[in-house]
Every structure is written in C-alpha cells, then in structure tokens.
Amino acid sequence: MSAPLTRPITIAALCCTFISVFALLVLMAGGSGSAPTAGPTGSGPRPGAGIHLEQRITQYAEGLSPRGGYRIPTEQERQMFTRAVGHVLDGDPEAARAELSEIDCTLNTITDAVGGRRYAELTDEVAGPGATRGWGRVYISLDHSPRWSVQVPHPIADTRTELLGVRVLRGSPGGVLIIAGAHRDAATSGAADVAHRDDSVFNSVTTELARRKLPGVQLHGFADESFRGRDAVVSTGIGDTAMPDAKRLTTALQRVGMSVCPAYSIRCKLAGRDNQQGRTAAAMQSRFVHLELNRTVRDSDVKLVQTATSITTLTEQWSKP
C-alpha cells in the first residue's frame, strides 16, 4: 500500500529541484528583466568602456620618424585649425567640425578608459605611416572647463615625453594636451622643430591658449651627458609670470630625490630662453613653465610617475576656478 504514496512524492521533489536549478541558471545568465544587459545608468562610462588614451597616443607617436615628412601649414590652415580649437573651448563642436573639414582634419569625442574622462580630439586626418603634413593633435577636456595645458613639441625625439604628457593630462581635470605631429628632424632647416618656430599649427594653438591666459607646462628631454649631475631643469623661459609655479614644481621634484637646476634663479643649461612658445607667453603675460628631463628619468617607469605626480602639484592649482 505504500508504493503509490512514494511515487508522487518523488515526482514532486524532482519538479522542485528542476525549477530551482532553472532559476539559478537564469540568475547566472543575468537575472530577471533587461536591466543588467543595458549597462549602468547615468552619464558616466560603463566599466571598461572607452579608449585607452595612453596607448592611443603612444601608437600615434611611434609612427613618427625623421623620415616621416612634414609640410609647413599655410597661414590660412593654421588659422582654421586654431579657430576650431577655439570653438571647442567655447562649447561649439559643430563649428569646429566645419572648420576642420575644410583642411582635412577631424574632431572626435573619446572617453579615456582610465578614469572615464571625455576629451575632444582634434587631429590631422592625414596621419600615420606615409603622412606628409605632420600637424599634430590636440586633446581638450569636455567634462571640465579647460584651464591649463601640457605641451609636447618633440614626441619620440625626446623619448617618452608623449607618455608623460598623457599622464599629466590625466592628473587633473580641465587639461588641454597639444602634441606635435612630426619628429623634430622630419624636415629640412628645422621646419618641424615646432618649439622654435612660429609657423606651425602647434605654435598657433599654444598662442591661442596663451591669449586666453591658460597656463602651460612644456615637456622636453636631454641626454644625460648634456648636463651631468642634473636630472631636470625648470625654467620660465624669458618670462617671469610663472615664477611661483616654477618654484612649486622644483620643490616637488626635489622631494622625490631629483637634482633640479632652477633656471629661473641661477644660470643653467637648457633654460629654454629661445623657446617660441615661452616667448609668446611672456609677451602675453601668460604663465609658462619649461621642463627638461634627462634620459635616465624618462627611461625609469618609477621616475616618470614621480614626475607626473610632481607636475600635478601645478595642474591641481591651475584647474581651480
């Protein structure tokens, strides 16, 4: 008489087990409803979304070489690119795109996978292997009002300054990164050495930033044997508006054990007094800091991080309203 009772109980147990396993599988696959597959709500990027800006710029710079070619832009081309930068700074991307399209340049909006900040990327469309123009790129903060710049006039030629530039940009909100688009030796008569020319897109853009009174730090590199016993040289070029900034940076670098020559107060090699962007900034009473780093510092991952952190002592102040 017990057999008929045992069978129904077994079937019921199996059904419950089946339902429980099915429910567990559903939860493992994403749970009930569509919310988990839609990604987080809100304005921030999803985890892992975006472009790794450091890799993007490193790959870009790796395509530059002394044989890469460079064409001096016309005055009209310089003005149009610079006006586009101004439009982005003023919050008008469509006007910027219109200007850039006339000179075969583009405007992209990118999200950095590290930190999630958004930037406008203004770039020479004729880029990469075989490029002959070499006018460079500009990255402008979109999440915060742009208030300062970091400038890289000699990517690749001054090894890893392009990498340092990205890390400085990431260090504080409201930054603008200007990076040259050619190796400094890519043209005859030094035409591609944008730190010492007034006829480049690079100089035109930095001039506009100086006109708007955005302080800037420009990154350079030197061979160890060029100034033995010194890791860095901090200068304000021919101006003195950025003297407090230069002192702050010197102190920050010294705190991490670097030997710094303060060219704003004593005679130093590599003082950047003939730097074109420094001369322009001085004429406009805009703050400009010129930083030279030896090869040992630039080759060291630890020292490069320390340098970026030291520069952040400036940019954190500059980013404040």
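Just going by the charge dipole of segment 186-321, with Lys and Arg at +1 and Asp and Glu at -1 on Cβ, which of VAL297, SER265, ALA186 is farthest out on the positive end?
The one lying farthest along the dipole's positive direction is SER265.
Mind listing the phi-derived Karplus ³J(HN,Hα) values for segment 221-235, rounded to whole Hz, using 6.51, -1.76 and 1.60 with θ = phi - 60°, and x for any glycine or proline?
x, 9, 6, 3, 6, 6, 8, 5, x, 10, 8, 8, 10, 10, 9
What order, most packed first, do the peptides 240-249, 212-221, 101-110 have when packing is the mean number of other Cβ atoms within 10 Å of each residue? Intermediate values should be presented prior to the final figure.
On the way: 240-249: 19.1, 212-221: 21.7, 101-110: 15.9.
Ranked from most to least packed, the peptides come out as 212-221, 240-249, 101-110.
Highest mean first, how do 258-270, 286-298 rank when packing is the count of other Cβ atoms within 10 Å averaged over residues? Intermediate results must be reported in sequence, preceding the final value.
On the way: 258-270: 16.5, 286-298: 23.8.
Order by mean packing, descending: 286-298, 258-270.
With a sphere of radius 15 Å drawn around the Cβ of ARG230, what net charge do the other residues whose Cβ falls strictly inside it have (Lys, Arg +1; Asp, Glu -1)?
On the way: positive: ARG228, ARG267, LYS269, ARG295, ARG298, LYS303; negative: ASP224, GLU225, ASP231, GLU292.
Overall, the nearby charge balance is +2.
Where in segment 290-314 does the amide nitrogen come within less than 18 Å of the point 7 Å from the Cα of LYS269, taken along Cα to Cβ?
Counting backbone N atoms under 18 Å from the label point, the list is 291-299.
So what is the relative contact order of segment 84-189, in percent, for Cα pairs below 8 Å that sit 6 or more residues apart?
22 percent
How large are Rg and Dmax for segment 201-321 when only the alpha carbon atoms are used, in Å?
13.7, 42
Taking amide hydrogens as modeled 1.01 Å from N in the peptide plane, which residues meet the under 5 Å criterion relative to TRP148, leaving out close sequence neighbours?
Answer set, sorted by chain and number: VAL176.
Using heavy-atom solvent-accessible surface (probe 1.4 Å) with all chains present, what is the largest-first order of LYS320, LYS303?
Per-residue accessible area, sorted high to low, gives LYS320, LYS303.
Take the solvent-accessible surface of the protein heavy atoms, probe 1.4 Å, and return the percent of it on segment 132-178 that carbon and sulfur atoms account for.
45 percent
Extension gain SER300-MET243, at 0.36 nm per residue separation less the Cα-Cα distance, in nm?
Length gained between SER300 and MET243: 17.7 nm.
Non-local amide H neighbours of HIS52 (under 5 Å, H modeled in plane, Pro and chain starts lacking H): which ones?
Here ALA113 satisfy the definition.
By per-residue mean of other Cβ atoms within 10 Å, what is the highest-first order of 271-277, 199-205?
Answer by packing, highest mean first, reads 199-205, 271-277.
Which of rounded, prolate, oblate describes segment 222-272, given a ≥ b ≥ c as roots of the alpha-carbon gyration tensor eigenvalues and a/c under 1.5 marking rounded, otherwise prolate only if a/b is larger than b/c? Working shown, then result.
Numbers: a/c = 2.58, a/b = 1.24, b/c = 2.09.
Cα axes put segment 222-272 in the oblate bin.
How far, in nm, would the chain grow between GLU225 and THR159 when pulled straight, counting 0.36 nm per residue and subtracting the alpha carbon separation?
Full extension of this stretch gives 22.2 nm more.
Taking amide hydrogens as modeled 1.01 Å from N in the peptide plane, which residues meet the under 5 Å criterion relative to PHE288, leaving out close sequence neighbours?
Result for PHE288 returns GLY216, ALA242.
Where a Cα-Cα gap under 26 Å defines reach, which lysines qualify for LYS213, not counting those fewer than 8 residues away within the same chain?
LYS213 reaches LYS247, LYS320.
Under a crude label model (7 Å from the Cα following the beta-carbon direction), how far is THR309 from SER101 in nanometres?
Simple spin-label model gives 4.7 nm for this pair.
Compute the Cα gyration tensor for segment 124-233, then decide on rounded, prolate or oblate, letting a ≥ b ≥ c be the square roots of its eigenvalues: rounded whenever a/c is under 1.5, prolate when a/b is larger than b/c in the other cases, and oblate in all that remain.
Oblate is the answer for segment 124-233, as a/c is 1.5 or above yet b/c matches or exceeds a/b.
Using the Karplus curve 6.51 cos²θ - 1.76 cosθ + 1.60 with θ = phi - 60°, work out ³J(HN,Hα) for each residue of segment 246-261 in order, rounded to whole Hz, and write x for Gly and Pro.
5, 5, 5, 5, 4, 4, 5, 5, 5, 5, 9, x, 8, 8, 10, 9
For segment 152-159, just list the computed ³J(HN,Hα) in residue order, Karplus coefficients 6.51, -1.76 and 1.60, θ = phi - 60°, integers in Hz, with x standing in for Gly and Pro.
Coupling constants for segment 152-159: 10, x, 10, x, 6, 4, 9, 3 Hz.
The values are calculated or read from the model by the stated rules, or taken from the named source; none is laboratory data. Please read all numbers here as calculations on a predicted model, not as lab measurements. Reconstructed Cβ throughout: ideal geometry from the backbone, glycine too, with neighbour counts over all protein chains shown. To get the accessible areas, we keep the full protein, side chains included, count just its heavy atoms, and leave off ligands, DNA and RNA. Shrake-Rupley method; radii C 1.70, N 1.55, O 1.52, S 1.80 Å.
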